[in-house]
Amino acid sequence: MKSSKRALSLDALRGYAILTMVLSGTIANTLPRWMYHAQVLPPDHIFNPSIYGITWVDLVFPFFLFAMGAAFPFSLGRKFDEGVSRWRLSFDSILRGLQLAFFAIFLQHIYPWSLSDPQDYRAWFITLGGFLLFFPMFMRLPSEIPPWLRLVIKMGAYGLAFLLLFTLHYADGRTFSLDYSNIIILVLANMAIFGSLVYIFTIRNRIARIAILPFVMAILLCMSVNFNGSWQKALFDFSPLPWLYKFYYLKYLFIVIPGSIAGEYLLEWIRNTEQTRREHQQKEKKEAIVLLSITMSLIVWNLYGLFTRQLVLNLVVTMLLLSIGIASLYKTPTVNLQFWEKLFVTGSYLLLLGLFFEAFEGGIRKDTSTFSYYFVTSGLAFMALISFSILCDFFQWKHATAFLTMSGQNPMIAYVGSSVVVGPLLNITGLMKYVDMLSHNAWQGLLRGVIITTLVTLLAMFFTKIKWFWRT
């Protein structure tokens, strides 16, 4: 295997998270319970917080958050190694977070359903125009363009976006509001700021980075028992900019921070493989296949066991699989096996910690999210990263996984593709009525999601191919 400075496994994990997010949002309402969020039952999809367990849909967002944290060593860490100061990195991270917050607000306001109800041609064309406007805002313009002109183009795009926000007519008499934003992107904006700051000031100290988490946990636990009249309550409620920040969002540091550690392991592995010839590849194949089977089984089994509430059986089988996985890694100390061992041991710890927390707060669930949810999904994200490392970086199934890696390299385009490109185009051309006909049974409902997700994948792959990336 020829080593590459780019970790395709991380791109694939990010791409998997984005595309399954699109799929979960576009399938019809006729599928079985396990095809939706565990707390949102079909066919009415009314949220019920008394239901516990998780499904594959509940892994989508934490996997993306984990991948976001894993990217910190590649972006922030490398710049720090090149001599960029912590204060400069902090400023850039805050700026990135603010850009993501603007993205969340602008995106929410230009969704077709935000502009008209029922949706019409005006809404669809405005949405498509907003998509085009994102390119000068978030794309890195060619270096051949003078710096002053690049700045003028970007500021002009932002200016036009602000003008649209304040002059557009919205559905149901709605007016522009900072509080009306895409919650997923807003959480990412908070993690881009606070997750980055935690990483920047603990780049050389993983223990200090982890030590921050119990303090966040302390505040959240105090709130879970209604500890009113305390400074903890005051801190939890304090927000100078409620539309941008809430302490509640910091709970996702329990996923982002472990992700940053996985990213450091991945970066170390890349540097080691750049200096080491792969003399042990044949010997490693057996362990790689065994580990791939173990990690994928752990993900599938825990989804099944937690969803069906077979908690004791789930714990016993999980511990058995973890034991087999660890035993398979303690052999020839090659670069790959040492890398996978680090990921597997860390992921095992988090997964077991999450399972031991399972009964707390009633049981694992995404909404409102529990500590078991953070730890279990972080542990499973480690397992997913190992799986993609074996498939993409070890066996080099580049063609088979290209749709994941290319989508993962352009996640912002992939994320908005369904709502602001594919949906409007299908409606304008009159094709959406045929797609919507695929809602009569479970198989057709799944096919509907697959068709739209495939179109989004092709869109993201196209812009990746021509190297038009959106970046904050």
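Of all the numbered requirements in (1) more than 30 Å from Ile390 (Cβ to Cβ); (2) at pLDDT 95 or above, Tyr252 misses one, and that requirement is (1).
Apart from one condition, Asn190 fits all of (1) part of a loop (DSSP other than H, G, I, E, B); (2) of a type in the set (S, T, N, Q); (3) under 30 Å from Leu178 (Cβ atoms); the exception is (1). Looking only at region 386-418, filter to residues that are of a type in the set (A, V, I, L, M, F, W, C) and under 19 Å from Leu188 (Cβ atoms); which one of those is surrounded by the fewest Cβ atoms within 10 Å (Cβ to Cβ)? This residue is Met412. Of the helices (runs of 4 or more DSSP H) lying entirely inside region 315-411, those containing at least 3 residues that are modelled with pLDDT under 95 are 335-356. Among the conditions (1) over 30 Å from Val225 (Cβ atoms); (2) free of Cβ contacts under 8 Å to residues at least 40 places away in the same chain; (3) hydroxyl-bearing (Ser, Thr, Tyr), the only one that Thr370 does not satisfy is (1). Could you grab me the full set of residues in region 420-432 that are closer than 16 Å to Thr454 by Cβ and of a type in the set (S, T, N, Q)? Across region 420-432, there are no qualifying residues.
This table checks each residue for (1) touching a residue at least 24 places away in the same chain (Cβ under 8 Å); (2) within 21 Å of Ser90 (Cα to Cα).
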{"residue": "Ala192", "(1), (2)": "yes, yes"}
{"residue": "Tyr199", "(1), (2)": "yes, yes"}
{"residue": "Gly229", "(1), (2)": "no, no"}
{"residue": "Asn272", "(1), (2)": "yes, no"}
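Among the conditions (1) over 25 Å from Leu244 (Cβ atoms); (2) of a type in the set (Asp, Glu); (3) out of contact with any Asp or Glu (no Cβ under 7 Å at 6 or more places or on another chain), the only one that Asp92 does not satisfy is (1). Quick one: would you say Thr334 is out of contact with any Leu (no Cβ under 6 Å at 6 or more places or on another chain), among the β-branched types (Val, Ile, Thr) and crowded, with 16+ Cβ neighbours inside 10 Å? It is true that Thr334 is out of contact with any Leu (no Cβ under 6 Å at 6 or more places or on another chain), among the β-branched types (Val, Ile, Thr) and crowded, with 16+ Cβ neighbours inside 10 Å. Residues considered: Thr453, Thr464, Thr472, Thr457. Of these, the only one that is surrounded by 14 or more Cβ atoms within 10 Å (Cβ to Cβ), in contact with a Lys or Arg (Cβ under 9 Å, 6 or more places away or on another chain) and closer than 30 Å to Gly97 by Cβ is Thr472.
The values are calculated or read from the model by the stated rules, or taken from the named source; none is laboratory data. Quick caveat: nothing in here was measured; it's all calculated off a predicted structure. Positions of Cβ are backbone-derived with ideal geometry, glycine not excepted, and every protein chain shown enters the neighbour counts.
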